[in-house]
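Accompanying notes for the structure given below.
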Amino acid sequence: MNRINQKLQENKKLLSIYFTAGFPKINDTVTVIENLEKSGIDFIEIGLPFSDPLADGPTIQASSTKALGNGMTSEVLFNQLKNIRKTVKIPLIIMGYFNPMMQYGVENFCKKCAEIGIDGLIIPDLPVDVYNNDYKTIFKKYGLINVFLITPQTSSERIQFIDKISDGFIYMVSSSSVTGSQNAFGKVQDDYFKRIADLYLKSPQIVGFGISNAETFKKATKYAKGAIIGSAFVKYLDKNGTANINNFVSGILD
């Protein structure tokens, strides 16, 4: 069984952390991953930096720009992670845009992910229908879960289709804005979370965008299986480097 599915079966609310590979420094990637696992989080989203990250807010855009300037590429990332499964057991997901994957070759990219122990991919700009028609067999061949995103604007019919073809969790974007643009949830988000819960989907939902502290983590996971923190952690890395990552995580979970 894929490590993502194993983790989803645990009787707890799950915390995922996103960070940009090659940030703050090019060789920080493995250190960040290892320290995050030691701090007790459940899975990690490794951001593959891209020059035109449409869904990302200024914090993650800036980290991507710096990582690209540091020399981060798909090949560099794969080389950094080639021995990651000797030290890290939790699920690892690469989150990135489709263009770099196409440049690398989609099947070659998936094959490399499988070789180093990546469990899934999140590709915000890969349409669900295109994935289902053109790439699903490749992902299945290499045992990779493709994580789909939904937003408050996604129709119930579309959500049901996504749920049907999903074999992991659904990434539930909390708002229509970019990452890092909010730090609290209001009635609009609460109603949205409840609407999705009332659909009784087979796929667990993990909430992303807007989770930055213990309070927003608790609100996001009232109905959902877990939550993802990205911009707040990237800001922490920018300020503190890779030191004392457990301090950031304990502030969310305690």
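Can you give the FRET efficiency for L68 and N11, using 1/(1 + (r/R0)^6), R0 = 41 Å, r = Cβ-Cβ distance, to the nearest 0.05? The partial results should precede the final answer.
Details: r = 40 Å, r/R0 = 0.98.
It comes out at approximately 0.55.
Can you show me the helix-derived [θ] at 222 nm for the chain, built from DSSP H runs with n ≥ 4 at -39,500 (n - 2.57) apiece and divided by the number of residues, rounded to the nearest 500.
-12000 deg cm²/dmol
Would you mind counting up the charge near L36? Only other residues with Cβ under 13 Å from its Cβ, with Lys and Arg at +1 and Asp and Glu at -1.
With Lys, Arg at +1 and Asp, Glu at -1, the net is -3.
Kirkwood hydrodynamic radius for segment 1-65: how many Å is it when counted over pairs of different Cα atoms?
Its Kirkwood hydrodynamic radius stands at 13.2 Å.
For F148, list long-range residues whose amide hydrogen, built 1.01 Å from N in the peptide plane, is under 5 Å from its own amide hydrogen.
Those lying under 5 Å, H to H, from F148 are Y171.
Name the long-range amide H neighbours of M95: under 5 Å, sequence gap of 5 or more, or other chain; modelled H, no Pro or chain starts.
Here the answer is I46, G47, L48, I122, since their amide H atoms fall under 5 Å of that of M95.
Shape verdict for segment 1-144, please, from the Cα gyration tensor: rounded (a/c under 1.5), prolate (a/b greater than b/c) or oblate.
rounded
List the relative contact order of the chain as a percent without decimals, with contacts defined as Cα pairs under 8 Å and 6+ residues apart.
23
Report the Rg/Rh value for segment 108-254, based on alpha-carbon coordinates and the Kirkwood definition of Rh.
0.99
Give me, ordered by chain and number, the residues 5 or more places off G208 or on other chains with an amide H under 5 Å from its own placed amide H.
M172, V173, S174, I228
Under 1.5 on a/c is rounded, so check that first for segment 64-114, then, if it is not, pick prolate when a/b is larger than b/c and oblate when it is not; a ≥ b ≥ c are the square roots of the alpha carbon gyration tensor eigenvalues.
Numbers: a/c = 1.88, a/b = 1.23, b/c = 1.53.
Oblate, because a/c is 1.5 or more while a/b does not exceed b/c.
Between G57, G105, G186, which gets the highest mean-square fluctuation from a Gaussian network model of the chain, Cα cutoff 10 Å?
G186
Based on the mean of other Cβ atoms within 10 Å per residue, sort peptides 90-103, 154-167 so the most packed one is first.
90-103, 154-167
Note down the nm distance, to one decimal, between modelled labels 7 Å out along Cα→Cβ at D238 and at N133.
Each label point lies 7 Å from its Cα, and together they span 3.9 nm.
Quote to one decimal, in nm, the extra length available between K218 and S51 on full extension: 0.36 nm per residue of separation minus the C-alpha distance between them.
The K218-S51 span can extend by a further 56.8 nm.
I want to check the label-to-label distance for N83 and Q103. Put each point 7 Å from Cα in the C-beta direction and report it in nm to one decimal.
For the pair N83/Q103, the computed spacing is 2.8 nm.
Do you know the Lys pair count in segment 41-181 for C-alpha distances under 20 Å, with sequence separation 8 or more or different chains?
So the count of such lysine pairs works out to 16.
Using the charge dipole of segment 3-253 (Lys, Arg: +1 at Cβ; Asp, Glu: -1 at Cβ; taken about the Cα centre), state which of V128, N247, F185 has its Cα farthest towards the positive end.
The residue sitting most towards the positive pole is N247.
Convex hull over the Cα atoms of segment 3-253, averaged projected area in nm²?
Its average projected convex-hull area is 11.8 nm².
Which order do peptides 207-215, 73-81, 16-24 fall in by mean Cβ count within 10 Å, highest first?
By packing density, highest mean first, the sequence is 16-24, 207-215, 73-81.
Sorted by average packing, counted as other Cβ atoms within 10 angstrom per residue and highest first, what order do 236-247, 108-119 take?
108-119, 236-247
Compute, for the chain, the length of the dipole vector about the Cα centre, with Cβ point charges of +1 (Lys, Arg) and -1 (Asp, Glu) only. Units Debye, rounded to 20. Present the calculation step by step, with values, prior to reporting the outcome.
Details: 28 positive and 24 negative charges, 116 e Å.
Dipole about the Cα centre, nearest 20: 560 debye.
Which one of N70, I94, N5 is farthest out on the positive end of the charge dipole of segment 3-143, using unit charges on Cβ (Lys, Arg +1; Asp, Glu -1) and the Cα centre as origin?
N5
Between E115 and K187, what is the FRET efficiency for a Förster distance of 51 Å, r being their Cβ-Cβ separation, to the nearest 0.05? Mind dumping the intermediate values first?
Values: r = 46 Å, r/R0 = 0.91.
Taking R0 as 51 Å, the efficiency between E115 and K187 is 0.65.
Since every read-out is calculated from the coordinates, none of them should be taken as a lab result. Being a predicted model, the structure only gives us computed values, none of them experimental. Cβ sites come from the backbone with ideal geometry, for glycine too, and all protein chains shown count toward neighbours.
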